[in-house]
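A quick write-up on the structure given underneath.
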Amino acid sequence: MTAAAAARQILTSLHEIMASRQHAQGKLDAVVDIIGEGLDSEVCSIYLLREGMLELYATRGLNKEAVHVTRLAIGEGLTGTIADNIETLNLAEAASHPDFAYRPETGEEKFHSFAGVPIVYRERAVGVLCVQHVEPRRYEDIEIEALQTTAMVLSEMIAHAELIDEEEVALSDAQTGPSVATGLTLVKGLASGTAVFHQPRITIEQVMAEDIEAERQRVYRAFAKMRDQIDNLTNQSEFGVGGEHEEVLQTYKMFAYDEGWSRRINEAIDSGLTAEAAIERVQQRTRMRMREIDDPLLADRMHDLEDLSNRLIRIVSGQLGTAATQGLQGDTILIARNLGPAELLEYDKRRLKGVVLEEGSLTAHVVIVARAMGIPVIGRLRGLRGMVREGDHLLVDAEKGEVTFRPAQPMIEAFEARFAKNREKQAAYAEFRDVEPFTRDGTRIHVMMNAGLRDDMSTLSVVGADGVGLFRTEFQFLVSATLPAREKQLRLYRDVLDAAGEKPVVFRTVDIGGDKALPYLTSDSMEDDENPAMGWRGLRLALEREGLLKAQARALLEAAGGRRLYVMFPLVSEPWEFDAAKAVFEEQLKFLKQQKKPLPEAIEFGAMLEVPALAEVLDILLPKLSFISIGTNDLTQFLFAADRANPKLAERYDWLSLSILRFLSRVVRANAGHNVRLAVCGEMGGRRLEALALLGLGIERLSITPVAVGSIKEMVRKVDLPELRRAMSGWLSNPPPDIRAALRHWATERGIETD
Ligand code: PEP
Ligand code: MG
């Protein structure tokens, strides 16, 4: 008999055994006989998880006395290793494997070859199915597949027969005890909650098919539907042409129409599996193959195929929708491979406490939005979805970049204590909501906040900021699948101004490009950008795509009818760029005048200082401006030539380094004598010690992340500005070895908390 025929024979017999009325142990005994015979192996054994150990439950070929006697820990011997790593082993010579552990009571010494597969239930190994053979030989792929399919069937039977204790699966220490994994902090903060998968795991209810033809039809219809969905996505003109986005969709399309894939699924159905089980089976096989090939490019493609495979199972089983559509029950930590900003916005903000991603980078759109929503995010946690199960308790420490899975009580308590301390601090700072931030010597400091979404505006009165010093208008573009129409922009700006009331809002014109790429807005020059942070972005892009800036200018001017409008241009590198951008606004203003539309009562124009070169021409630029805002995020990456999105460089350069402080001090001096309001709107200003340094340099306006407003206002009130400025000027001319340490010492001596 060929291996393929043997495999088919095994499945047919399994079907009969499963349908028979024997008790579970009887079925297991019958299964080992069938497999042993089918694969021409002297030995076939089933180990199941019991009390945290893998116990020999049934065997053909090993000493029968060993049944329910031989027990192996997870990770012990070959069997324990298979369960531990949830992986298949196929060895011609078992004893030469480093994990081999000999058990004399089994009498297995005479068997040379060994193959074993995990029996997986709810993503956990609950047992192992293995075969052994006297002659050294590697089992053929088709035989291994027969074993894997049998393991799938067994897992269903085991669960139904209650051969494994679900509680035990849930509590088995080796796989589900507390564990800590470190990723990359993308948005700072602490969060505790229950793990919820963005794409809910699909449960395969039935593995063995009752009517093979019906299963064929189901998978056929699912394929047709999935292909339709993918075609629709690719045909949406709004995604534009070219660019990475299209490449991804093309790959999807290629897989969706891949004959080989659908053929393999059909073959699996022919062998007796349901449509869902067949798709999963084929996916398992692909996963296994891919694991052997160490190629990052292929790994990416694998993710695509995995996504499609999940989509197909979802369609076939009718389990549609993300966790957002099902609604969150309590405090939730969202688990995803990756997430789009729009997908994040679909979640209930009150219940979503944190996000943990397998991928993600500091400047991913979703991270920008999460930051605006105040939701801590940890990313780059490889293998995340294998570490966590739906419903696990998680502690997210997005200060250290750590996620604790299933924490023990003392860990929860320690975390809660930190959490409580943070909350206490926040509550104490909240008391400063209506307090005006004057320094001890009576200087009024302006503490404004950064915003980007309509929802952010309610925060303005909650934290008591003086206004919005930076409204990142590109957020609307980032969360939208298409370029937002002028009317849509107009509505947003009008709502924002209404919400702000008397308080000023500084609208920054779109700052797209670089790390904030839009799939629907690409150009040849952008694709060629090897260094997007220094590429076609910000005002450069806006001036070239004049239509874009025109539409935005009109929307802003109309929205501010009868009110004062503050407009700020990002990434200005030379004064003429400011002039050109301002001219676009003036032209639109003229047009609105002709149309007799209500005009803004006044317009103030400002620029961001983010490109160091601009600092050298302030004498030319400043007379043109009403205000200037230093964007320290970009500025410092250019000063140090250190990509702000590169995690390796994140801690390398200090915002309190002599070069940055001297640079800022020069800008402050250059600005003196001009009637231009000078502010800082980068992340730097939201940290206590850094904000203190900025005050020391003579900066009296900050626009910061909303959560920091209370803390900074509290600090401002403890500062004696002339004294601080004297100290700062001393450090700049006679630098101590560590300015941060010097400043901290200075603050602590004056009862100013530094973090
Ligand atoms: C900055 O660069 O400091 C800034 C505030 O702008 P963004 O972070 O949006 O680039
Ligand atoms: Mg910037």
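The values are calculated or read from the model by the stated rules, or taken from the named source; none is laboratory data. Just so we're clear, the structure is a prediction, and the values are computed from it rather than from any experiment. Virtual Cβ from ideal backbone geometry, glycine too; neighbours counted across all protein chains shown. These accessible areas exclude ligands, DNA and RNA; they are computed on the full protein's heavy atoms, side chains included. Shrake-Rupley method; radii C 1.70, N 1.55, O 1.52, S 1.80 Å.
A few points about this structure:
- Residues in segment 400-425 that are on the phi < 0 side of the Ramachandran plot and open to solvent by less than 90 Å² (accessible area, probe 1.4 Å): 17 in all.
- Qualifying residue in segment 63-80 (condition: in the same structural domain as Q148 (by TED's automatic domain parsing), buried (at least 23 other Cβ atoms within 10 Å of the Cβ), part of a strand (DSSP E or B) and hydroxyl-bearing (S, T, Y)): no
- Number of positions in segment 600-612 that are within 15 Å of ligand 2 (Cβ to nearest atom) and open to solvent by 10 Å² or more (accessible area, probe 1.4 Å): 2
- Condition broken by L658, with the remaining ones in (1) within 16 Å of ligand 1 (Cβ to nearest atom); (2) in contact (Cβ under 8 Å) with a residue 40 or more places away in the chain; (3) out of contact with any Lys or Arg (no Cβ under 8 Å at 6 or more places or on another chain) satisfied: (1)
- Screening the candidates F475, F415, F419, F405 for the property of being touching a residue at least 24 places away in the same chain (Cβ under 8 Å) and closer than 28 Å to E604 by Cβ yields one hit, F475.
Condition check ((1) over 20 Å from A30 (Cα atoms); (2) in contact with a helix residue (DSSP H, G or I) (Cβ under 9 Å, 6 or more places away or on another chain)) across all residues:
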position	(1), (2)
Y57	no, yes
N63	no, yes
T81	yes, no
T88	yes, yes
F100	yes, yes
R103	yes, yes
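- Among the residues of segment 731-755, those identified as within 17 Å of Y653 (Cβ to Cβ) and open to solvent by less than 80 Å² (accessible area, probe 1.4 Å) are P735, D738, I739, R740, A741, L743.
- Filter result for the condition that a residue is farther than 19 Å from V567 by Cα and either more than 16 Å from ligand 2 (Cβ to nearest atom) or under 28 Å from the mean Cα position of the chain (by Cα) (or both), over L483, L492, L470: L483
- Some residue of segment 282-305 being at pLDDT 70 or above, under 23 Å from D211 (Cα atoms) and open to solvent by less than 20 Å² (accessible area, probe 1.4 Å): yes
- Considered as a group, the residues in segment 674-694 that are buried (at least 23 other Cβ atoms within 10 Å of the Cβ) and touching a residue at least 60 places away in the same chain (Cβ under 8 Å) include one that is nearest to D456 (Cα to Cα), and that residue is C681.
- Within segment 695-713, being in a helix (DSSP H, G or I) and farther than 15 Å from I752 by Cα holds for L697, P706, V707, A708, V709.
- Of the criteria (1) touching a Leu at 6+ places or on another chain (Cβ under 7 Å); (2) open to solvent by less than 20 Å² (accessible area, probe 1.4 Å); (3) of a type outside the set (S, T, Y); (4) within 15 Å of ligand 1 (Cβ to nearest atom), which one N671 fails: (4)
- Only one of L541, L557, L565, L549 that is buried (at least 18 other Cβ atoms within 10 Å of the Cβ), hydrophobic (A, V, I, L, M, F, W, C), free of Cβ contacts under 8 Å to residues at least 60 places away in the same chain and assigned to a strand (DSSP E or B): L565
- Considering D524, D515, D466, D528, the condition of being under 23 Å from I704 (Cβ atoms) and at pLDDT below 85 is satisfied by D515 alone.
- All of (1) acidic (D, E); (2) within 16 Å of ligand 2 (Cβ to nearest atom); (3) in contact (Cβ under 8 Å) with a residue 60 or more places away in the chain hold for E700 with one exception: (2).
Rundown of residues vs (1) of a type in the set (G, A, S); (2) more than 20 Å from Y57 (Cβ to Cβ), yes/no style:
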{"position": "E76", "(1), (2)": "no, no"}
{"position": "I86", "(1), (2)": "no, no"}
{"position": "N90", "(1), (2)": "no, yes"}
{"position": "D99", "(1), (2)": "no, yes"}
{"position": "I119", "(1), (2)": "no, no"}
{"position": "A125", "(1), (2)": "yes, no"}
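- In segment 364-422, the residues that are assigned to a helix (DSSP H, G or I) and farther than 30 Å from S458 by Cα: L384, R385, G386, M387, Q409, P410, M411, I412, E413, A414
- Residues in segment 89-105 that are in contact with a strand residue (DSSP E or B) (Cβ under 6 Å, 6 or more places away or on another chain) and either hydrophobic (A, V, I, L, M, F, W, C) or surrounded by 21 or more Cβ atoms within 10 Å (Cβ to Cβ) (or both): L89, L91, A92, A94.
- Looking across segment 588-599 at every residue that is within 20 Å of G547 (Cβ to Cβ) and surrounded by 14 or more Cβ atoms within 10 Å (Cβ to Cβ), the one that is nearest to the chain's Cα centre (by Cα) is identified as Q588.
- Residues of segment 568-587 that turn out to be of a type in the set (F, W, Y) and either within 16 Å of ligand 1 (Cβ to nearest atom) or open to solvent by 10 Å² or more (accessible area, probe 1.4 Å) (or both), as a count: 2
- Residue in segment 703-723 that is least open to solvent (accessible area, probe 1.4 Å), counting only those that are more than 16 Å from V435 (Cβ to Cβ) and over 29 Å from the mean Cα position of the chain (by Cα): L721
- Of the candidates D456, D434, D397, D392, the single residue that is at pLDDT 90 or above and more than 19 Å from the chain's Cα centre (by Cα) is D434.
- Here Q9 passes the criteria (1) of a type outside the set (A, V, I, L, M, F, W, C); (2) under 38 Å from the mean Cα position of the chain (by Cα); (3) in a helix (DSSP H, G or I) except the one numbered (2).
- The conditions of being touching a residue at least 24 places away in the same chain (Cβ under 8 Å), in a strand (DSSP E or B) and open to solvent by 40 Å² or more (accessible area, probe 1.4 Å) are met by V120.
- Flag for G631 being under 39 Å from the mean Cα position of the chain (by Cα) and away from ligand 1 (no atom under 12 Å from the Cβ): no
- On inspection, A615 does not qualify as without any contact (Cβ under 8 Å) to a residue 12 or more places away in the chain and either touching a helix residue (DSSP H, G or I) at 6+ places or on another chain (Cβ under 8 Å) or more than 28 Å from G673 (Cβ to Cβ) (or both).
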